[in-house]
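A.B. asks: Structure below; questions to follow.
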Amino acid sequence: MNVVMPEVLNKAARGEKLFREDILSLLNLEPEEDALLFKLADQVRHQYLGDEVHLRGIIEFSNYCVNNCLYCGLRKDNQRLHRYRLSSSEICEAGNQAVKMGLKTIVLQSGEDPFYTGEILAKIIDRLKAETGVAVTVSIGDRSKEDYRLMKQAGADRYLLKHETADANLFSRLRPGTTLAGRIKRLYWLKELGFQVGAGNMVGLPGQTCGTLADDILLMRELDVEMAGIGPFIPHHQTPLKDWAGGEVKTTLKVLAVTRLVLPLAHLPATTALASIHPQGRQMALSCGANVVMPNITPVKYKEYYQIYPNKICLTEEATECVSCISNTIRQLGRMVAQNYGHSLKYKERVNNSES
Ligand code: 5AD
Ligand code: SF4
Ligand code: FES
C-alpha cells in the first residue's frame, strides 16, 4: 500500500516548530502512517546524534520510599516488599565493576529515602567520582535545594526527576501529598544548579488522554530538558492500580518518536519498562528515536526487590551479562556503543554560550 506523507510529518521534517495541535495530529496518525513517524524520528536521531548509543549503568541502591504513589510497587504501604539499602562501599564496588565493563555513566537511583542525607549522598558521589572517574546521574526524587546543591558540589553531573504526568490533577491523585508545581520548581532548581536535567512521563496512566501526552511533550520542551525517560505504565498487583490496563507499546513508541522530533538533541532511553512488556521493546525504541540504554548493574542479590512494576527483565542476570546483551543488540541494529561520557550536546552548547 502506498501511504501518502501527512502534511504534519512534512512540517516536522522541515524542522518547523510543532504546536499542540500538530503534536496531537502526530499522536493520532492513522495506524498505517505510524511507520512514517517512526522513520522520521529515526532519521532525526541519526542526523542530530549519530549512531552511537550511550550506556548508563543503573544502581538501585535503596528501595525504601516515604511516598505512596498509587502506581508504584515501592510505595510505603506495600508491606509485602523486603526493603534493602546498599552501603557506600557496596555502591562504589558496583561502580568499580561497571567501569571495568567500559561504562562511563553511573545512575544512582532509589525510592525517596531520607536515610541518605544530603551529606551522605555527597560523600558517596565524591568517592565514586574519585575512584572511577565516571559521570554520575542522580535519580532519588524530591529533595531540598540544599541537598541538590551538596550533590552538585560533590561532582554529580546529571539529575533525573521524571515529571510523570503533565496533568496537575492526575499528578496529585497518583502521588498523594505532592504537586506537579513542586516537581517543576525542583526541575528549575536543578537546572539553575548546573545539572544536566532529565524529566519524563509514563504512558497509559488511568485518566490520561492524548491531550495529556501532548502536554507532557510540551512541558519537556518548555523545561528544555537534556534527557527524557518515556515508558509504559505497568500495573503492579500490590498497588491500588492493580486492576487497570497498562500502557501500550505502540502508544509509548509514538510518544517517544514525537519527543524526538520536538527535542532533537535530547538523550532518550529505550526504557527497561518498555523492554519488560515486549521482547523487542528495546530494539523498537532504538529505531523510533531512542539513543540511550540503561543496563541494570545493581548487585543481583538485591535486584528482585526493586520491582517498581512486575515482570521486570534481567532480575537474575549479572551486570556483565546485561552489558554484553545490550551491546549485542545495539550492534545488531547497525549502531555502536558510545565510548565517551555522552554528556548532553545541548548542555555543552549552553556552557559554551555562557563562556563565550
Ligand atoms: N509502571 C511503569 N513505570 C513505573 N514507575 C513507577 N511505577 C511504575 C509502574 N507501575 C516509574 C516512574 C518513576 C520510575 C522510577 O519508575 O516513572 O519515575
Ligand atoms: Fe517512591 Fe518513586 Fe515509587 Fe513514588 S514512584 S512510591 S516516589 S519510588
Ligand atoms: Fe539483561 Fe539482556 S539486558 S540479559
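The values are calculated or read from the model by the stated rules, or taken from the named source; none is laboratory data. The model shown is predicted, which means the values in this text are computed figures rather than measured ones. Backbone-built Cβ (ideal geometry, glycine too); neighbour counts: all protein chains shown.
A.B. asks: Does residue 155 satisfy the condition of being more than 16 Å from ligand 1 (Cβ to nearest atom), under 28 Å from residue 293 (Cβ atoms) and not hydrophobic (A, V, I, L, M, F, W, C)? Break it down into steps so the answer makes sense when it comes.
C.D. replies: Details: more than 16 Å from ligand 1 (Cβ to nearest atom): yes; under 28 Å from residue 293 (Cβ atoms): yes; not hydrophobic (A, V, I, L, M, F, W, C): yes.
In short, yes.
A.B. asks: Being within 8 Å of ligand 3 (Cβ to nearest atom) and touching a helix residue (DSSP H, G or I) at 6+ places or on another chain (Cβ under 6 Å) is the filter here; which residues of region 303-317 pass it? Before you say what the answer is, go through the steps one by one.
C.D. replies: Within region 303-317, the first condition is being within 8 Å of ligand 3 (Cβ to nearest atom), and the residues that meet it are 313-314, 317.
Across region 303-317, the qualifying residues are 313, 314.
A.B. asks: Only one of (1) in contact (Cβ under 8 Å) with a residue 12 or more places away in the chain; (2) outside any strand (DSSP E or B) fails for residue 58. Which number is that?
C.D. replies: (2)
A.B. asks: Considering only residues that are in a helix (DSSP H, G or I) and over 14 Å from residue 260 (Cβ atoms), which ones fall in region 1-33?
C.D. replies: We begin by selecting, within region 1-33, every residue in a helix (DSSP H, G or I); these are 7-13, 20-27, 31-33.
Correct list: 7, 8, 10, 11, 20, 21, 22, 24, 25, 31, 32, 33.
A.B. asks: Now for a separate question. Can residue 119 be described as without any contact (Cβ under 8 Å) to a residue 60 or more places away in the chain, in contact with a Leu (Cβ under 8 Å, 6 or more places away or on another chain) and surrounded by fewer than 17 Cβ atoms within 10 Å (Cβ to Cβ)? Step through it out loud before you land on a result.
C.D. replies: Details: without any contact (Cβ under 8 Å) to a residue 60 or more places away in the chain: yes; in contact with a Leu (Cβ under 8 Å, 6 or more places away or on another chain): yes; surrounded by fewer than 17 Cβ atoms within 10 Å (Cβ to Cβ): yes.
Answer is yes for this residue.
A.B. asks: Checking the structure you have, find out if any residue of region 242-253 is closer than 29 Å to residue 145 by Cα, at pLDDT 95 or above, away from ligand 3 (no atom under 16 Å from the Cβ) and outside any helix (DSSP H, G or I).
C.D. replies: Initially, region 242-253 is screened for residues closer than 29 Å to residue 145 by Cα, giving none.
Within region 242-253, not a single residue is closer than 29 Å to residue 145 by Cα, at pLDDT 95 or above, away from ligand 3 (no atom under 16 Å from the Cβ) and outside any helix (DSSP H, G or I).
A.B. asks: Also, quick follow-up: Filter region 79-116 down to the residues that are in contact (Cβ under 8 Å) with a residue 60 or more places away in the chain and assigned to a loop (DSSP other than H, G, I, E, B) and list them by number.
C.D. replies: 80, 81, 82, 83, 84, 86, 101, 102, 103, 104
A.B. asks: How many residues are among the β-branched types (Val, Ile, Thr) and under 14 Å from the mean Cα position of the chain (by Cα) when one looks only at region 278-305? So that I can check it myself, show each step before the final result.
C.D. replies: Filtering region 278-305 for residues among the β-branched types (Val, Ile, Thr) gives 292-293, 297-298, 300.
Checking the rest, the ones that are also under 14 Å from the mean Cα position of the chain (by Cα) come to 292-293.
The number of residues fulfilling the criteria is 2.
A.B. asks: Give 269, 299, 279 a once-over and let me know the one that is within 16 Å of ligand 3 (Cβ to nearest atom) and free of Cβ contacts under 8 Å to residues at least 40 places away in the same chain. I'd like the intermediate steps shown before the answer.
C.D. replies: Numbers: 269 fails: free of Cβ contacts under 8 Å to residues at least 40 places away in the same chain; 299 fails: free of Cβ contacts under 8 Å to residues at least 40 places away in the same chain.
Checking each option against the conditions leaves just 279.
A.B. asks: Given the residues 72, 65, which is the only one that is under 27 Å from residue 222 (Cβ atoms), within 16 Å of ligand 2 (Cβ to nearest atom) and either under 19 Å from the mean Cα position of the chain (by Cα) or not in a helix (DSSP H, G or I) (or both)? Steps first, answer last, please.
C.D. replies: Numbers: 65 fails: under 27 Å from residue 222 (Cβ atoms).
Sole residue among the options that is under 27 Å from residue 222 (Cβ atoms), within 16 Å of ligand 2 (Cβ to nearest atom) and either under 19 Å from the mean Cα position of the chain (by Cα) or not in a helix (DSSP H, G or I) (or both): 72.
A.B. asks: What helices (runs of 4 or more DSSP H) completely inside region 276-356 contain at least 2 residues that are at pLDDT below 95?
C.D. replies: On the way: elements: 281-286, 300-303, 319-332, 345-355.
Counting at least 2 such residues, we get 345-355.
For every residue, the table says whether it meets (1) closer than 23 Å to residue 54 by Cβ; (2) within 16 Å of ligand 2 (Cβ to nearest atom); (3) surrounded by 21 or more Cβ atoms within 10 Å (Cβ to Cβ); (4) not aliphatic (A, V, I, L, M).
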{"residue": "123", "(1), (2), (3), (4)": "no, no, no, yes"}
{"residue": "142", "(1), (2), (3), (4)": "no, yes, no, yes"}
{"residue": "165", "(1), (2), (3), (4)": "no, yes, yes, yes"}
{"residue": "172", "(1), (2), (3), (4)": "no, yes, no, yes"}
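A.B. asks: Follow-up. Exactly one of (1) within 13 Å of ligand 3 (Cβ to nearest atom); (2) within 18 Å of the chain's Cα centre (by Cα) is unmet by residue 320. Its number?
C.D. replies: Against the list (1) within 13 Å of ligand 3 (Cβ to nearest atom); (2) within 18 Å of the chain's Cα centre (by Cα), residue 320 comes up short only on (2).
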